Structure formats: structure tokens, C-alpha cells
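Below you'll find the structure, written out as C-alpha cells, and then a few comments.
The values are calculated or read from the model by the stated rules, or taken from the named source; none is laboratory data. Computed from a predicted model, the values in this text were never measured in an experiment. Cβ atoms come from the backbone with ideal geometry, glycine included; neighbour counts cover every protein chain shown. Just the protein is used for accessible areas: all its heavy atoms, side chains included, with ligands, DNA and RNA removed. Shrake-Rupley method; radii C 1.70, N 1.55, O 1.52, S 1.80 Å.
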Amino acid sequence: MTQAQNPDDRDRQVDRELRALNRRVDRLEYTQVSPQEFRQAFERVYDEIDDLKDEVREMRSELNGKSDIIMRHITGQGNS
């Protein structure tokens, strides 16, 4: 016949399981990213994209200006 568990043994077992569960929850929380952190990260990415778009626009403008100068020189329109 099997003996019933001692109440102290049962309490220790429950306590051990709760500590293990708490460690798992802590690890899970550590791996999670809050919505605020996502928002901030995406804002930085969007700011960087906007800066890059501005640089591309500026470069296009410069290239268009240089292309115009080259075309005028080739066609002789710039020479009087």
C-alpha cells in the first residue's frame, strides 16, 4: 500500500513548481518587446528612411543639373 504524501512534502513540491514557473515567466517577459519599444524602433527606422529620401532627392537634383550642363555643352547651346 502506498503512503499518502506528507503535507510538508506537498508544500515543498508546490513551492518548487511555482519557482520554476516564475523563472519561466521571467524569461518569457525578458524576451518580449513592449509596444512602446516597437514604436520607438520603427520611428527611428522611418526617420532614417526620410533622411535617405531627402538625400536621394538632392542627388537627383544635382545630377539633373549636371546632365543639363553636359547636354548644353554637347549640343553647343551653352556656347555663344
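Taking the stated definitions as given, is Gly65 open to solvent by less than 100 Å² (accessible area, probe 1.4 Å), modelled with pLDDT under 95 and at positive phi? No: the conditions fail for Gly65. Does Asp54 count as under 29 Å from the mean Cα position of the chain (by Cα) and either in a helix (DSSP H, G or I) or exposed (fewer than 10 other Cβ atoms within 10 Å of the Cβ) (or both)? Answer is yes for this residue.
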